[in-house]
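As structure tokens, the structure follows; a few thoughts come after it.
The values are calculated or read from the model by the stated rules, or taken from the named source; none is laboratory data. Please read all numbers here as calculations on a predicted model, not as lab measurements. Here the Cβ positions follow ideal geometry from the backbone for every residue, glycine too, while neighbour counts run over all protein chains shown. Heavy atoms of the whole protein, side chains included, go into the accessibility calculation; ligands, DNA and RNA do not. Shrake-Rupley method; radii C 1.70, N 1.55, O 1.52, S 1.80 Å.
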Amino acid sequence: MLFRSAVVAIGLGLWALAMAALVLAGGWQGALAQMGWFFTKAALLTFGGAYAVLPYVFQGAVEHYGWLTAPQMIDGLALGETTPGPLIMVVAFVGFLGAGVAGALVATFFTFLPSFAFIFAGGPFIVPVTEY
């Protein structure tokens, strides 16, 4: 139980530290802080794999924030279809068009950090450590 609590605490700490750095660097309304918050919500509020998340990303990135246009998003979706791991390709593409390399890094980090924390914290419930 202590391991799981530590994993959750580390995950939350990394998230808070990264988000605080983005807010300090550009303010809450800055593009990178908004990307961090948006992609955190995408990671936490959408389940079912890449094809469940991508419509949410399309709506937020194109219609709400205007980080890219609809044709650019279609290009990103096509790019994602040509490679393994469509979700990471598309969120990095959206982040890059929205704020350059920093945006791509922010989008990728905030999309996948919750998943890693959940996997490390919940994994021992699935396969007990003694069975490794």
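Report, ordered by the first and then the second residue, all pairs with beta carbons closer than 7 Å, sequence separation of six or more or different chains, a first member in region 1-14 that is among the aromatic types (F, W, Y), and a second member that is assigned to a helix (DSSP H, G or I).
F3/P124
For region 45-95, what are the residues that are loosely packed, with under 13 Cβ neighbours inside 10 Å, of a type in the set (A, V, I, L, M, F, W, C) and closer than 20 Å to F118 by Cα?
L45, F47, A52
Does region 124-132 contain any residue that is open to solvent by less than 50 Å² (accessible area, probe 1.4 Å), of a type in the set (A, V, I, L, M) and more than 16 Å from Q34 (Cα to Cα)? Before you say what the answer is, go through the steps one by one.
Of region 124-132, the ones open to solvent by less than 50 Å² (accessible area, probe 1.4 Å) are 124.
After this cut, where a residue has to be of a type in the set (A, V, I, L, M) as well, the list is none.
No, every residue in region 124-132 fails to be open to solvent by less than 50 Å² (accessible area, probe 1.4 Å), of a type in the set (A, V, I, L, M) and more than 16 Å from Q34 (Cα to Cα).
Just checking, does region 61-69 include any residue being touching a residue at least 60 places away in the same chain (Cβ under 8 Å), among the small types (G, A, S) and under 19 Å from T46 (Cα atoms)? Please lay out each step first, then the result.
Taking region 61-69 first, the residues touching a residue at least 60 places away in the same chain (Cβ under 8 Å) are none.
Checking region 61-69: not a single residue is touching a residue at least 60 places away in the same chain (Cβ under 8 Å), among the small types (G, A, S) and under 19 Å from T46 (Cα atoms).
Can you go through A121, A21, A78, A104 and tell me which one is at pLDDT 95 or above and more than 16 Å from the chain's Cα centre (by Cα)?
The conditions single out A21.
Just checking, how many residues over region 29-44 are in contact (Cβ under 8 Å) with a residue 12 or more places away in the chain and either surrounded by fewer than 12 Cβ atoms within 10 Å (Cβ to Cβ) or of a type in the set (A, V, I, L, M) (or both)?
Of the residues in region 29-44, 7 are in contact (Cβ under 8 Å) with a residue 12 or more places away in the chain and either surrounded by fewer than 12 Cβ atoms within 10 Å (Cβ to Cβ) or of a type in the set (A, V, I, L, M) (or both).
If you go through region 49-71 one residue at a time, do you hit one that is part of a loop (DSSP other than H, G, I, E, B), under 13 Å from the mean Cα position of the chain (by Cα) and at pLDDT below 95?
Within region 49-71, the first condition is being part of a loop (DSSP other than H, G, I, E, B), and the residues that meet it are 49, 65-69.
So of that shortlist, the ones also under 13 Å from the mean Cα position of the chain (by Cα) come out as 49.
The next check asks that each one be at pLDDT below 95; those that pass are 49.
Checking region 49-71: at least one residue is part of a loop (DSSP other than H, G, I, E, B), under 13 Å from the mean Cα position of the chain (by Cα) and at pLDDT below 95.
Just the residues that are touching a residue at least 12 places away in the same chain (Cβ under 8 Å) and of a type outside the set (A, V, I, L, M, F, W, C), please, taken from region 86-115.
Answer for region 86-115, where residues must be touching a residue at least 12 places away in the same chain (Cβ under 8 Å) and of a type outside the set (A, V, I, L, M, F, W, C): P86, G95, G98, G103, T108, T111, P114, S115.
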